[in-house]
Amino acid sequence: MAKKYQMSFDAKTMIKDQSLLRHEDIKQHILILPELAAYIPPLLPNEYNQLEENIKQNGCREALLVWETVGDQVPGVEETSTVYILVDGHNRYAICQEYHVDFKVHVMNFQSIEQVRFFMIDNQLGRRNLSPEQVAYLRGLRYLHEKKEKGKYNRDEQKGHSDLYGEGDAQNGLEISKEPVEDSQQTTAHRLGKQFNVSEKTIKRDSIYAQGLEKLAPTFRRDILAGTTKVDKALIQQFGQYDISNVLISNIAELEDVIKQTKDRSKFNNAKKQPKKNAVGEKLRGQLRQLVEKLDGSGIDMNQVCDEIIECARKLKQKT
C-alpha cells in the first residue's frame, strides 16, 4: 500500500515539475511583434507609473496572454520552431522584465495572425479606460482588417474551450484555450456597428480615421492616441481619404503641408480639365447656331435639320 501511494505521489510530482519547466520555457521565449504591439493603446505617464508601482509592490497578478504558433507561419518571424507571441500584457511584461518580477502566462490558440489582430482589437475595445480617439482607431482598424480578410474569419463555426497540458498547469499559471471565430451574412459595417453599439456611418468614419493614422509615423501616431499631441480628428480623416503612399508624416506641420499640397494639386488638375469641357461646349453652341440659321433658308430638309438640332442640343446639355 505504501509503495502504491509513493508511485502515485511521484507521478503527480513529475506532472507538476514538467508543467513548471514548460511554463518557464514559455516565459523565456516570448516574442513581441511591433505590428501587434501597435494595437495596445499607450498609457499616459501617470498611468504607467501607477501600474509600475502596483507590480513592484503586489506582483503581476494578471496573466499575460501569448499565442502559441510556429514561427514560419508568422510574417517577420525568422524562427521555424514553436514561438510564443505576446498578445496582451505588453506594459506588464516590460515592467516585469525591468524589475525581474515573476508572472503567469495564458496560452491561446488562433488559426492565423489575422484572428490575433481581431482578438486584440476586440479585447482592447472591451476596456473602459480608452479615449474616444483610441476607440475610433481600434474600431476603424477592425473594419479595415475584416474587409481585407472577409470570409476568412468565422467566429460562429468554432466553439471555444480550454485544455490543460497537465494536472499542475492551472496552478502554475499555464492555461490553453482556443479563441472562437465569427461569421455573418450582414455587411461588415452593419455587423460591427451592432457589435460596438454604433451606426454603420460611424464605423466607416472610424475606418477613414484609422487609415489616416496608419499613414503617420509610429511615434506621431502614438502621441496622438496617447493624447500628448492634439490633432483635429477631422484633419486626420481628411488625410485618410487621400491616396498617399510611401510617406510617413512625423508632425502636425508636415500633415497640414501634405493636405494643402494635395488640395492645390487637385484644384490644378480640375482647372486643367475645365477648359477642355468648355471648348467642347463652345463647339456645340456654334454648331447649334449654324443649324438654327438653316431654318431660315430655302430648299432644306426641315425634318433632318430639326433632328440635327435636337441631337446637338442633347449633347450640349450633357456637357453643361
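No value in this document is a laboratory result; all are computed from the given coordinates. All of these numbers come straight from a predicted model, not from anything done at the bench. Virtual Cβ from ideal backbone geometry, glycine too; neighbours counted across all protein chains shown.
Worth a mention:
- Extending 7 Å from Cα along the Cβ direction at Cys306 and again at Val77 yields two label points whose distance is 7.9 nm.
- Cross-link check: pairs Lys147/Lys260; Lys147/Lys263; Lys56/Lys204; Lys294/Lys317; Lys263/Lys317 evaluated at a Cα-Cα cut-off of 32 Å; pairs beyond the cut-off: Lys56/Lys204.
- Förster-model FRET efficiency, 35 Å R0, Ile244 and Glu114, C-beta, rounded to 0.05: 0.90
- Net length gained if the chain between Gln57 and Thr228 were fully extended (0.36 nm per residue, minus Cα distance): 58.8 nm
- Under 5 Å, built H, 5+ apart or other chain: amide partners of Val87: Leu65, Val66, Trp67
- The Kirkwood hydrodynamic radius of region 275-319, based on inverse pair distances between different Cα atoms, is 11.0 Å.
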